[in-house]
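> One structure, as structure tokens, below. Some questions next.
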Amino acid sequence: MKSATRILLGLWFLGGAICSAEADDLRSRVLREAAIENGLVPASETHVASPEPLVEVGKKLFESRLLSLSEDTACASCHLDKFGSADGLPIAIGTEGEGIGAERVFRGGDIIPRNVLPLWGRGGKGFDVLFWDGKVERNGSAVHSQFGDEAPSNDPLIVAAHLPPVEIGEMLIDNKSTLELQTETVETANSVYETLIERVRENPELGDALAKAQSVSLAELEFSDAAEAIAAFIRTNFRVKPTRFHDFVFRGAPLSPEEIKGGLIFYGKGNCVACHNGPYFSDLGFHAIASPQVGFGKNGFGVDYGRFNVTLDVNDKYMFRTPPLYNVTKTAPYMHSGSVDALSDAIRTHYDPLIFIDPKGMTGLERVDFYDRLKAWSHEPISGVVLDEDEVAAVVMFLATLSYVSDQKVEVVD
Ligand code: HEC
Ligand code: HEC
């Protein structure tokens, strides 16, 4: 090759490299701006501080089986670190369950009709809508919940921490011994709380530490003191931490071209950001994604009306709170009934609901139910989006940049 040609080729390569570096730079800049425009803030701006002694005793309570009447289930039985603070099962196994993860299925136990929600970011600033159907949510200065006008706190996370111990099958055993408690009224709940807090008072590890952290005497302890401590632990241990994506947006750290491509689809063509926005990648609003329904369903016979169960408004049928996406690579299976195993399939089912459905195998009733779900879905800002396989793979890569680990491992303690 003549040296002049070699120089020319060299220049051409250099020129190409500069152009693609500029394009990369532009793509990174666009992605950073999109993230900020759509509500991403530095992780620390979502934090709500809690006193350290309260957090410490909250961890012990979270890991203790004492908070289930039958003393066999702890919060940590279902909300496990190993599975990104969920349980790795499609739907949860509550009281009478043994072991963790898939082992719980083989050993039996009461089945909860919904997929366990991970706890990342819960109780952070503005994270005021809890559970798949928003059954606990802040409404002005009040908190809406099953407690009606008697909410035990004006902090939604503290109210939420009151619920598992009194929910049949979750931490309250479903058999004759609890028959009189199974009405799930505020009155019966209060009688369960009385028993549980008495146990805490009598426990040398828990009672004194909780009383001290709450600056009350042992005799004065109430269940809400325990719930407050658990909430303090959740909001501290599972608080949002800087992810690789935060570092990219706020500290100029690089992402791979594939991750950037996925991010641009997330904020652009895929329109994911229409619902997965804000500091938690959730609008904390309710939407109908016609994801496959497995299991008995909250409403029975394979049906879950979602938000409708809380509002009784027919327009809310089949709607669920947009799930936040932190650590989403670790929280399989996905969707409210845990019907989807792979992250890529969780994405596909958003824009192509028929992909996992076999209408021929359905009963007439199931088909009618599915058409209703499709109708609700068709009004959502995802119907009309189409992604090809490479694009889905890139979005999965992008979602993996939203991972972090908790400070303290949680495990059930005997
Ligand atoms: C039997 C398994 C199980 C146990 C035990 C359990 N949970 Fe859960 N948790 C779930 C499931 C399932 C959901 C989702 C239910 C729903 O939204 O309908 C959930 C949801 C939550 C949420 C709402 C998260 C969100 O995204 O809004 C909080 C908070 C929570 N649990 C805290 C606790 C605490 C505190 C304890 C112990 C006192 C506990 N859980 C015990 C299974 C369990
Ligand atoms: C119209 C609002 C909306 C849009 C747009 C949307 N989602 Fe979702 N997303 C939801 C809702 C609601 C669910 C839960 C649905 C259910 O459980 O049936 C969900 C579930 C998920 C899940 C499963 C999370 C879990 O913990 O189970 C992932 C992952 C996800 N979305 C990613 C995406 C991606 C990626 C896009 C863009 C291609 C997207 N979403 C677009 C509302 C939306």
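The values are calculated or read from the model by the stated rules, or taken from the named source; none is laboratory data. Since this is a predicted model, take the numbers as computed values, not measurements. As a convention, Cβ positions derive from the backbone with ideal geometry for all residues, glycine included, and neighbour counts pool all protein chains shown.
> Being more than 16 Å from ligand 1 (Cβ to nearest atom) and in contact (Cβ under 8 Å) with a residue 60 or more places away in the chain, is that true of even one residue in the range 304-327?
Checked against the condition, which is being more than 16 Å from ligand 1 (Cβ to nearest atom) and in contact (Cβ under 8 Å) with a residue 60 or more places away in the chain, the range 304-327 yields no hits at all.
> If you go through the range 339-355 one residue at a time, do you hit one that is assigned to a loop (DSSP other than H, G, I, E, B) and over 18 Å from Val392 (Cα atoms)?
Within the range 339-355 (the criterion being assigned to a loop (DSSP other than H, G, I, E, B) and over 18 Å from Val392 (Cα atoms)), the answer is yes, since at least one residue qualifies.
> In the set Val273, Val340, which member is away from ligand 1 (no atom under 15 Å from the Cβ), buried (at least 22 other Cβ atoms within 10 Å of the Cβ) and hydrophobic (A, V, I, L, M, F, W, C)?
Within the list Val273, Val340, the selection yields Val340.
> Let me ask another. So Ala342 fits all but one of (1) in contact (Cβ under 8 Å) with a residue 40 or more places away in the chain; (2) within 11 Å of ligand 2 (Cβ to nearest atom); (3) under 21 Å from Asp388 (Cα atoms); what number is the exception?
For Ala342, the failing item is (1).
> Among the residues of the range 367-382, write down those that are surrounded by fewer than 17 Cβ atoms within 10 Å (Cβ to Cβ), in contact with a helix residue (DSSP H, G or I) (Cβ under 9 Å, 6 or more places away or on another chain) and in contact (Cβ under 8 Å) with a residue 24 or more places away in the chain.
Of everything in the range 367-382, those that are surrounded by fewer than 17 Cβ atoms within 10 Å (Cβ to Cβ), in contact with a helix residue (DSSP H, G or I) (Cβ under 9 Å, 6 or more places away or on another chain) and in contact (Cβ under 8 Å) with a residue 24 or more places away in the chain turn out to be Leu374, Pro381.
> Starting from residues that are over 15 Å from Phe131 (Cβ atoms) and either of a type in the set (Lys, Arg) or part of a loop (DSSP other than H, G, I, E, B) (or both), keep the ones in the range 312-321 and report whichever is nearest to the chain's Cα centre (by Cα).
Tyr318
> I'm told Tyr267 meets every condition in (1) among the hydroxyl-bearing types (Ser, Thr, Tyr); (2) more than 25 Å from the chain's Cα centre (by Cα); (3) within 30 Å of Gly384 (Cα to Cα) except one. Can you identify the failing condition by its number?
Failing condition for Tyr267: (2).
Condition check ((1) modelled with pLDDT of 95 or more; (2) aromatic (Phe, Trp, Tyr); (3) more than 23 Å from His47 (Cβ to Cβ)) across all residues:
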residue: Gly169; (1), (2), (3): no, no, yes
residue: Asn175; (1), (2), (3): no, no, yes
residue: Leu179; (1), (2), (3): no, no, yes
residue: Asn190; (1), (2), (3): no, no, yes
residue: Ile197; (1), (2), (3): yes, no, yes
residue: Glu205; (1), (2), (3): no, no, yes
residue: Gln214; (1), (2), (3): yes, no, no
residue: Ala227; (1), (2), (3): yes, no, no
residue: Arg235; (1), (2), (3): yes, no, no
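> Now for a separate question. Going by the conditions given, is Ala394 assigned to a helix (DSSP H, G or I) and in contact with a Lys or Arg (Cβ under 6 Å, 6 or more places away or on another chain)?
Yes; evaluated as a whole, the condition is true for this residue.
> Taking the criterion of being in contact with a helix residue (DSSP H, G or I) (Cβ under 6 Å, 6 or more places away or on another chain), part of a loop (DSSP other than H, G, I, E, B) and at pLDDT 95 or above, would at least one residue in the range 43-50 satisfy it?
Yes: the range 43-50 contains one or more residues that are in contact with a helix residue (DSSP H, G or I) (Cβ under 6 Å, 6 or more places away or on another chain), part of a loop (DSSP other than H, G, I, E, B) and at pLDDT 95 or above.
> A further question on this structure: Quickly run through the range 229-258 and pick out the residues that are outside any helix (DSSP H, G or I) and either surrounded by fewer than 16 Cβ atoms within 10 Å (Cβ to Cβ) or touching a helix residue (DSSP H, G or I) at 6+ places or on another chain (Cβ under 6 Å) (or both).
If the condition is that a residue be outside any helix (DSSP H, G or I) and either surrounded by fewer than 16 Cβ atoms within 10 Å (Cβ to Cβ) or touching a helix residue (DSSP H, G or I) at 6+ places or on another chain (Cβ under 6 Å) (or both), then Val240, Lys241, Pro242, Thr243, Gly252, Ala253, Pro254, Leu255, Ser256 are the ones that fit.
> Filter the range 127-149 down to residues that are part of a strand (DSSP E or B), within 16 Å of ligand 2 (Cβ to nearest atom) and of a type outside the set (Asp, Glu) and give me whichever is surrounded by the fewest Cβ atoms within 10 Å (Cβ to Cβ).
The selected residue is Val129.
> Would you be able to tell me the number of residues in the range 279-311 that are hydrophobic (A, V, I, L, M, F, W, C), more than 12 Å from ligand 2 (Cβ to nearest atom) and either out of contact with any Asp or Glu (no Cβ under 8 Å at 6 or more places or on another chain) or not in a loop (DSSP other than H, G, I, E, B) (or both)?
Going through the range 279-311 one residue at a time, the tally reaches 4.
> Please tell me if Tyr267 is under 14 Å from Arg32 (Cα atoms) and outside the structural domain of His144 (by TED's automatic domain parsing).
In short, yes.
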